[in-house]
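Q: Have a look at this one.
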Amino acid sequence: MIILGIDPGIAITGYGVVEHLGNKYSIKEYGVIQSPKMQQLPERLYGIFTGLSRVIEQHQPDHVAVEELFFNKNVKTALIVGQARGVAVLTAHMQGKPIYEYTPLQVKQAVVGYGRADKQQVQFMVKAILNLAEIPKPDDAADALAIAICHGNSWGNIPEK
């Protein structure tokens with residue numbers, strides 16, 4: 001199964017494509033889609049759409065896993081990130097991909113085994129699970145890979161969509 005994990009953000013959206021066979025994972029691609037602050041919001045959202053469209057078209061994932069928006073004290077930031085997340089979900093939906101959503105707590109639990117793990121613990125486990133020489137950079141890409149791994153580890157417990 002090929003899984004696309006997405007860590008949505010307006011300035012940086014992380015993505016990670018992994019193949020999950022049995023209990024093994026391998027990386028197909030990972031990276032980020034960046035949008036400059038000087039761009040207007042519609043241009044930034046369009047950049048996320050075109051970037052994720054390219055990744056989906058290239059890798060044809062079987063499933064797309066997206067991180068759910070966590071509560072943010074800054075309402076304006078939460079709303080803008082929510083729009084980026086909406087674009088990610090819509091992009092996958094437009095290409096007919098089933099979408100699964102995970103909270104940060106679920107991702108940590110599935111990858112590290114502890115829902116209150118810190119970012120470094122998650123990144124270390126991503127490196128170990130994917131048998132990498134170093135932790136993927138930037139953090140947003142490592143987070144997207146963690147989301148994909150979370151889906152692979154959780155998939156047997158989720159009803160088919």
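Q: Check Ala65: other-chain or 5+ apart residues with amide H under 5 Å from its amide H, H built from backbone geometry?
A: When sequence neighbours closer than 5 places are left aside, the close amide H contacts are Leu4, Gly5, Ile6, Tyr100.
Q: Oh, and also: Each residue of the range 32-42 in order: what ³J(HN,Hα) in whole Hz does its phi give by Karplus 6.51 cos²θ - 1.76 cosθ + 1.60, θ = phi - 60°, with x for Gly and Pro?
A: 9, 10, 10, 10, x, 4, 6, 6, 6, 3, x
Q: If you don't mind, another one. Identify which of Gln120, Gln109, Gln83 has the largest mean-square fluctuation in a Gaussian network model of the chain, with springs joining Cα atoms closer than 10 Å.
A: Comparing Gln120, Gln109, Gln83 in the GNM, the peak value goes to Gln120.
Q: What does the charge dipole of the range 29-161 about its Cα centre add up to, to the nearest 20 debye, if the Cβ of each Lys and Arg holds +1 and the Cβ of each Asp and Glu holds -1?
A: It comes to approximately 360 debye.
Q: Next up: Per residue of the range 75-80, what does 6.51 cos²θ - 1.76 cosθ + 1.60 with θ = phi - 60° give for ³J(HN,Hα)? Whole Hz please, x for Gly and Pro, Karplus curve as stated.
A: Here the 3J(HN,Hα) series is 4, 4, 5, 4, 5, 5 Hz.
Q: Sorted by accessible area (1.4 Å probe), largest first, how do Val17, Val81 line up?
A: Output order, biggest surface exposure first: Val81, Val17.
Q: Note the angle between two axes, namely the Cα long axis of helix 119-129 and the longest principal axis of the Cα atoms of the chain, as a number of degrees from 0 to 90, rounded to the nearest 10.
A: Its long axis makes an angle of about 50 degrees.
Q: Same structure again: In Å², what does the accessible area per residue of the range 89-161 work out to with a 1.4 Å probe?
A: Each residue of the range 89-161 exposes 52 Å² on average to a 1.4 Å probe.
Q: I need the GluC sites (Glu not before Pro) found in the range 33-102, filtered to DSSP loop residues with at most 15 other beta carbons within 10 Å of theirs.
A: Glu68
Q: Follow-up question, since we're still on this one. Send over a whole-number figure in Å² for the accessible area per residue of the range 1-88, probe 1.4 Å.
A: Here the residues of the range 1-88 average 52 Å² of exposed surface.
Q: Now for a different question. Within the range 56-95, list the trypsin sites (Lys or Arg not before Pro) lying in a DSSP loop whose Cβ has at most 14 other Cβ atoms in a 10 Å radius.
A: Filter output for the range 56-95: Lys73.
Q: Quick one: among Ala110, Ala148, Ala128, which has the greatest mean-square fluctuation in a GNM of the chain with alpha-carbon springs under 10 angstrom?
A: Ala128
Q: Just going by the charge dipole of the chain, with Lys and Arg at +1 and Asp and Glu at -1 on Cβ, which of Ala142, Pro8, Thr77 is farthest out on the positive end?
A: Going by the charge dipole, the pick is Thr77.
Q: Among (i) 53, 32, 27; (ii) 43, 33, 32; (iii) 113, 45, 24, only one was calculated for this model; which label is it, if the read-out is Cα extents along the principal axes in Å?
A: (ii)
Q: To the nearest 500 deg cm²/dmol, what mean residue ellipticity at 222 nm is calculated for the chain from DSSP H runs of n ≥ 4 alone, each contributing -39,500 (n - 2.57), summed and divided by the residues?
A: -15000 deg cm²/dmol
Q: Could you check how much of the accessible area of the range 1-107 is carbon and sulfur, as a whole percent, using a 1.4 Å probe?
A: Taking all protein chains in place, the range 1-107 shows 58 percent carbon and sulfur surface.
Q: Stokes-Einstein diffusion coefficient for the range 107-154 at 10 °C in a medium of 1.306 mPa s, Rh from the Kirkwood formula over Cα pairs: what value in µm²/s?
A: Rounded, D is 155 µm²/s.
Q: Still on this structure, please answer the following. State which stretch of the chain is the longest one without any exposed chymotrypsin sites (Phe, Trp or Tyr not before Pro), exposure meaning a DSSP loop state and at most 15 other Cβ atoms within 10 Å.
A: The answer is 1-69.
The values are calculated or read from the model by the stated rules, or taken from the named source; none is laboratory data. This is a predicted model, so every value here is computed, not measured. So basically every Cβ, Gly included, is an ideal-geometry build from the backbone, and we count neighbours across all protein chains shown. Heads up: the accessible areas ignore ligands, DNA and RNA and are worked out on the full protein's heavy atoms, side chains in. Shrake-Rupley method; radii C 1.70, N 1.55, O 1.52, S 1.80 Å.
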